[in-house]
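The values are calculated or read from the model by the stated rules, or taken from the named source; none is laboratory data. Note that the structure is predicted; figures quoted are calculated from it, not measured. A quick note on method: Cβ atoms are made from the backbone with ideal geometry, for glycine too, and the neighbour counts reach across all protein chains shown. With ligands, DNA and RNA removed, areas are computed over all heavy atoms of the protein, side chains included. Shrake-Rupley method; radii C 1.70, N 1.55, O 1.52, S 1.80 Å.
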Amino acid sequence: VCPGTSATLTASASGGAVISWYDAPTGGNLLAQGNTYVTANLTSAKNYYLEATNSTGCNSSGRVTVQVQMTKPLDAPVVTVGEVTSSSVAFEWSAVSGATSYLVSTNNGLTYTAPSSGSNGLTHKVSGLGLNESVTITVKALGASSCTLSGASVAVTAATIDNNNVIY
């Protein structure tokens, strides 16, 4: 789950047994009874424990541990400069594990949009630049949930070049 949110835990038992949710593997506090338990908002991983009690009052042998894990943000992309011309600059980055799409900013993070290569793309080309004009880019990786959004990449700057003055 995302930090600061609750988790809904669900379990089932056979034969009409009642499930009890606890905060400890033995003893502890009874948190709830029923097939579903909604935790308080969590900021770190936490264990919960459940046991089933049948209609004659017999408990299951030992409590079952249910662990709630926190989802972590993705790594920030590592951006490099690709092809540079007299009117455009291309940037590229490697795929980030767990990323479902990417966002780019060319205004110091004020706004983000999909890369020119599409939301799943690994390149962004800035065109229509003047000679020796520079552009700076930052990139974020998005995951399956809002709390997996990476921090912004290190800002990378490149400038167009005068292709007519290249010495071979």
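Of all the listed residues (Pro25, Pro3), the sole one being within 22 Å of Cys147 (Cβ to Cβ), part of a loop (DSSP other than H, G, I, E, B) and open to solvent by 70 Å² or more (accessible area, probe 1.4 Å) is Pro3.
Scanning the range 54-99 for residues that are touching a residue at least 60 places away in the same chain (Cβ under 8 Å), closer than 16 Å to Gly151 by Cβ, open to solvent by 90 Å² or more (accessible area, probe 1.4 Å) and not charged (D, E, K, R) yields one hit, Val78. The set of residues in the range 86-108 being more than 15 Å from Leu142 (Cβ to Cβ) and not polar (S, T, N, Q) consists of Val89, Ala90, Phe91, Glu92.
Once the range 100-110 is narrowed to residues that are farther than 15 Å from Ser150 by Cα and in contact with a strand residue (DSSP E or B) (Cβ under 8 Å, 6 or more places away or on another chain), the residue that is least open to solvent (accessible area, probe 1.4 Å) is Thr106. Can we say Ser150 is under 30 Å from Val1 (Cβ atoms), crowded, with 16+ Cβ neighbours inside 10 Å, of a type in the set (S, T, N, Q) and within 21 Å of the chain's Cα centre (by Cα)? So Ser150 fits the description; yes.
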